[in-house]
Amino acid sequence: MLSRKNKQLFLKLLSLFSVVRGYNILMVVLAQYLASIYILAPNLPVREVVLDIDLFVIILGSALVIASGYIINNFYDSEKDLINKPRKTMLDRLVSQRFKLTTYFILNFLAAFAASYVSFKAVLFFSAYIFGIWFYSHKLKRIAFIGNFISATLAIAPFFAVFVYYKNFESVIFVHAMFLFLLILAREMIKDLESMKGDIAQGYKTIPILYGIRVSKFLIATLIVLTLIPSLLLITKFSVGYMNFYFIVCVVLLIFFLVLLLNAHLKKHFVWLHNILKLIIIVGVFSILLIDIDLVLNRIL
């Protein structure tokens, strides 16, 4: 049995993990490594990629900035989240706002310090990334569509850092990036439909609030249709190994998504739609392995 003091410590650690969404950060780290091995540097030995200190520092810096980003976003959205996500917010509030801000500054300092190991350009990139997340959380997220677009851009920024590191400009990479960007943008717009109650209370100017649910659903449907284009290109025009099965399933799921979207009108419907897109993104991370199932074993041996 844990003592009362240990229980409090455990709950605070759990609260901090919830605030920084540690599970999301782990997925991003995994996605960056898998993308590096299978997509960005397919001709390098696995060990060389995995043991690359510069790559590790870039991914570590990304993780630190993402964690700090979740903290500052949580700080500004605390009142809104209390309306939209009361249970999660009560857990998050086990850690004081002062402690969150202190952690935010420490994580950003560590990210910039780590980037200095790689290069001055890396420091500039992470500094711009940190500022971009803060400016989005403080101002831009309240602006219709611009907030959604910037949020999706910030979400793929860690992959841009790795892309620049390897300087691989093959067209298949841009098609993968467009697929991911459109999915994330559609997901961000679905989240606006989920959180309308809190957004209205806090004076946010999101698309469904300014133009109505119908317009918001139309824009989301347009993004999903656009997402079908890179999906079909990756199936028919590019060599992605067995990952083409993933994109075939994605096409089916996205069409199913459009049917559900047409009939969605309650918050629980939008939560289901959000979860479908989240599932596609998460499964997509592990599906990178399908590009060449034997790749890791062959290059290690």
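Nothing in this text is a laboratory measurement; each read-out follows from the coordinates by a stated rule. In this text the structure is predicted, and so the values were computed from the model without any measurement. Reconstructed Cβ throughout: ideal geometry from the backbone, glycine too, with neighbour counts over all protein chains shown.
Rounded to the nearest 20, the Cβ-based charge dipole of the chain about its Cα centre (Lys and Arg +1, Asp and Glu -1) stands at 1260 debye.
FRET efficiency for the pair His269 and Arg47, taken as 1/(1 + (r/R0)^6) with r the Cβ-Cβ distance and R0 = 41 Å, rounds to 0.30.
For region 125-164 versus region 224-289, the inter-centroid distance based on Cα atoms is 23 Å. Sorted ascending by nearby beta carbons within 10 Å, beginning with the fewest, Lys268, Lys191, Lys100 become Lys268, Lys191, Lys100. The dipole here belongs to region 190-286: it is taken about the Cα centre, uses +1 on the Cβ of Lys and Arg and -1 on the Cβ of Asp and Glu, and is about 140 debye.
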